[in-house]
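A.B. asks: What follows is a single structure, and I will ask about it in a moment.
The values are calculated or read from the model by the stated rules, or taken from the named source; none is laboratory data. Everything quoted here is computed from the prediction, not taken from an experiment. Positions of Cβ are generated from backbone atoms using ideal geometry, with glycine treated the same way; all protein chains shown enter the neighbour counts.
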Amino acid sequence: MKKSFTVILSKTTTVIFDFDGVIGDTFSHNRDIACLLYEEFRHEKPRQKMIEKLIGKGVRTVIKELNVPLTKIPYFEKRFRQELALRIDKVKIFKGMKAVLKQIKKAGYPLGILSSNSQKNLHYIFQKNQIDFFDFIYSDSSFFGKGKVLRKLLKKLHLKPAQIIYIGDEERDIQASQQNKVKIITVGWGYDNEKVLKKEKPDFFAKEPKDLLKILKKLC
């Protein structure tokens, strides 16, 4: 895996993956951290209804629910990353994903990661699991929306929207792709359920990892 950012100038379709909820199962860890930050800020434990609201949504949802002042947002994002780093050894790769990534790479696709997770965490997880298929890892925890982050990545890669396929697991991933006219494959094993995802009308939906291979074969 290349540690430095790689500019891809190719006619080949570049496949960009979200990490959390697509490759890595960080669900329980993000839930615990969200509850911890909630308690830290409110000085009380979140009720079950609030926990359900926070599950899987990470630091941005916590910030929104707590009405965190703009001046404190960097602190919260830093704390979230610090807490995840403490749990990084426990993060598992979804069953079947490593084999699928290997096959996609073998087919000749440039592969990349777009994640709010830190590069340090991602490199550690990939090294631990012997995953060495990615040409670049782009980490951006911007609070101002994934659409803007995806647009920045396209510009940095010197790629047009038609030259990439994004793979995500949340409705915000679909919205970000639609804002940038990028095709998206959403997955059914991540944070948002199938009903929520299909309501946003993604281009494609994969119920299990091996479906990604079938969809990419039809697309390219």
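A.B. asks: So the check is Cβ under 9 Å with 6+ separation or different chains; which pairs have a first residue in segment 120-142 that's within 14 Å of Arg81 (Cβ to Cβ) and a second one that's surrounded by fewer than 17 Cβ atoms within 10 Å (Cβ to Cβ) and polar (S, T, N, Q)?
C.D. replies: Ser139/Gln119
A.B. asks: Show me the helices (runs of 4 or more DSSP H) found entirely inside segment 24-86 where at least 1 residues are more than 24 Å from Gly188 (Cβ to Cβ) and either modelled with pLDDT of 80 or more or assigned by TED's automatic domain parsing to the domain that holds Ala99 (or both).
C.D. replies: 27-42, 73-86
A.B. asks: Looking only at segment 87-118, which residues are at pLDDT below 90 and not small (Gly, Ala, Ser)?
C.D. replies: Asn117
A.B. asks: Can you find a residue that is in contact with a strand residue (DSSP E or B) (Cβ under 6 Å, 6 or more places away or on another chain), among the charged types (D, E, K, R) and either surrounded by 18 or more Cβ atoms within 10 Å (Cβ to Cβ) or assigned by TED's automatic domain parsing to the domain that holds Arg79 (or both) anywhere in segment 168-175?
C.D. replies: Scanning segment 168-175 turns up at least one residue that is in contact with a strand residue (DSSP E or B) (Cβ under 6 Å, 6 or more places away or on another chain), among the charged types (D, E, K, R) and either surrounded by 18 or more Cβ atoms within 10 Å (Cβ to Cβ) or assigned by TED's automatic domain parsing to the domain that holds Arg79 (or both).
A.B. asks: For segment 160-220, give me every one of the strands (runs of 3 or more DSSP E) that falls completely inside it and has 2 or more residues that are within 13 Å of Asp18 (Cβ to Cβ) and not hydroxyl-bearing (Ser, Thr, Tyr).
C.D. replies: Answer list for segment 160-220: 164-168, 183-187.
A.B. asks: What is the one condition in (1) buried (at least 17 other Cβ atoms within 10 Å of the Cβ); (2) on the phi > 0 side of the Ramachandran plot that Gln163 does not satisfy?
C.D. replies: Result: Gln163 passes all but (2).
A.B. asks: Only one of Leu154, Leu219 is aliphatic (A, V, I, L, M), closer than 29 Å to Phe80 by Cα and surrounded by fewer than 21 Cβ atoms within 10 Å (Cβ to Cβ). Can you tell me which?
C.D. replies: Selected residue: Leu154, the only one of Leu154, Leu219 that is aliphatic (A, V, I, L, M), closer than 29 Å to Phe80 by Cα and surrounded by fewer than 21 Cβ atoms within 10 Å (Cβ to Cβ).
A.B. asks: Just checking, how many residues over segment 9-23 are modelled with pLDDT under 85 and out of contact with any Gly (no Cβ under 8 Å at 6 or more places or on another chain)?
C.D. replies: Of the residues in segment 9-23, 3 are modelled with pLDDT under 85 and out of contact with any Gly (no Cβ under 8 Å at 6 or more places or on another chain).
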